[in-house]
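Just so it is clear, none of the values below were taken in a lab; they were calculated from the coordinates. Just so you know, these numbers come straight off a predicted model, no measurement behind them. Virtual Cβ from ideal backbone geometry, glycine too; neighbours counted across all protein chains shown.
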């Protein structure tokens, strides 16, 4: 790529970073809708072939800090609960002070390097959370307030070095809470984990569409953080509604290059926090009683940390039939309802009410007809929409990715377009939560010996048409393909 083209490419990405940060617009809903339209895949857009990518200009997937650092543990001797038990809240309460070893464990299973491979002079790093194109736009900072074995301060989590680099000392956690609108008392917090996204890493390969993938990838990592924190018996409070500019300032990052997306608060002991609103999944399908699914069973792999470490994206499915029990278990562990009156347990509470819906395309699941269904998380039931054979149409709508049509279960997440008018965080929130749901699906599939792959590349309007939904009212945001391998 010529130098002039590189400059143009950099300028385009910088402009998109500004759009995604929503800092320069007053009509947020209109901006959200514009971003969605700009990032849609259409056959017309791709008719000219794949966009040119210069390997020499590939961004580094790591940041580098120097100076004072705290080395993190690399090996752990712990017995952990299963994914199901974590999601159900069936874990022992953590009633001691958070230690550096605890924090090491949480960070490693959030987005640490779980495997390395290489060849032909190249080295590849695989992480705890999946990422589009293995470009890993998500970075993690930790504002420590009360962790045994460390001092108060802001640290950068270096996954490559297994270390925390001190960015600056002091009570930065309280500073972030006070300036960002995070509504948790500093006295309850052991540490804040701040997730940022560097859009350039992903947009280098995927162009405008890559802006969505940054939020999805952040959702993957944040879901791991919540799950592994809960597995240790901690309460983890999630916040996506904060003043991003003030947080970027506290982190000393350029918001137009690195955008803060999520803050999780690791709370002392097992705190009870009053909820203001909830991330919910629509259960008023209006489709009758539906097909009741069998209750969830224990998984084959019993420990959540093993599941996170073993998870890989699978793009080859055998097509072998799976049982109804397995399909039901995966749907429940992806998004099923705990049974409390106020919220869906597999999604964190962050003060958001988000009208997400889950459609499911079934292929070769015993006792179920192939076709399209809607999953009702509260009733743990499937509502049949059509029994048409959708293997071919789904693959075509996913830009010719044949393996998607071979999946036993394709979970399709949609969002109400009216939600996009809710404010500056709405668009990124929708994709972060969809990414979190996708990570739950990944881990559920791994728990039961199946494979999974997140699908962010699809023709939006064609998937909407396949679902029979009006894109003016509702639109697809993410797909997870799950199948026997």
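Quick notes on this one:
- Using C-alpha pairs below 8 Å separated by at least 6 residues, the relative contact order for region 10-267 is 24 percent.
- Separation of alpha-carbon centers, region 51-71 and region 142-175, rounded to whole Å: 20
- Extending 7 Å from the Cα toward the beta-carbon at both residue 292 and residue 60 defines two label points whose distance is 5.9 nm.
- Euclidean distance between Cα centres, region 184-252 to region 419-457, Å: 14
- Residues 62, 195, 459 in ascending order of nearby Cβ atoms (within 10 Å, fewest first): 62, 459, 195.
- Rounded to the nearest 0.05, the FRET efficiency derived from the C-beta distance between residue 134 and residue 388 at R0 = 25 Å is 0.10.
- Those residues of region 431-470 whose amide nitrogen sits under 12 Å from the label point placed on residue 315, 7 Å along Cα→Cβ: 453-457
- If you sort the three axes of the alpha carbon gyration tensor as a ≥ b ≥ c, you get a/c under 1.5 for region 291-483, which makes it rounded.
- Region 402-485 shape via C-alpha gyration tensor axes, a/c threshold 1.5: oblate
- Computed over region 383-485: relative contact order in percent, which uses C-alpha pairs under 8 Å that are six or more apart: 40
- Mean Cβ count within 10 Å, highest first, over the residues of peptides 440-450, 240-250, 87-97: 440-450, 240-250, 87-97
- Cα gyration tensor category, rounded, prolate or oblate, for region 10-267 with a/c compared to 1.5: prolate
- Region 110-258: relative contact order as a whole-number percent, Cα under 8 Å and 6+ apart: 25
- Highest average packing first - 390-400, 370-380, Cβ atoms within 10 Å: 370-380, 390-400
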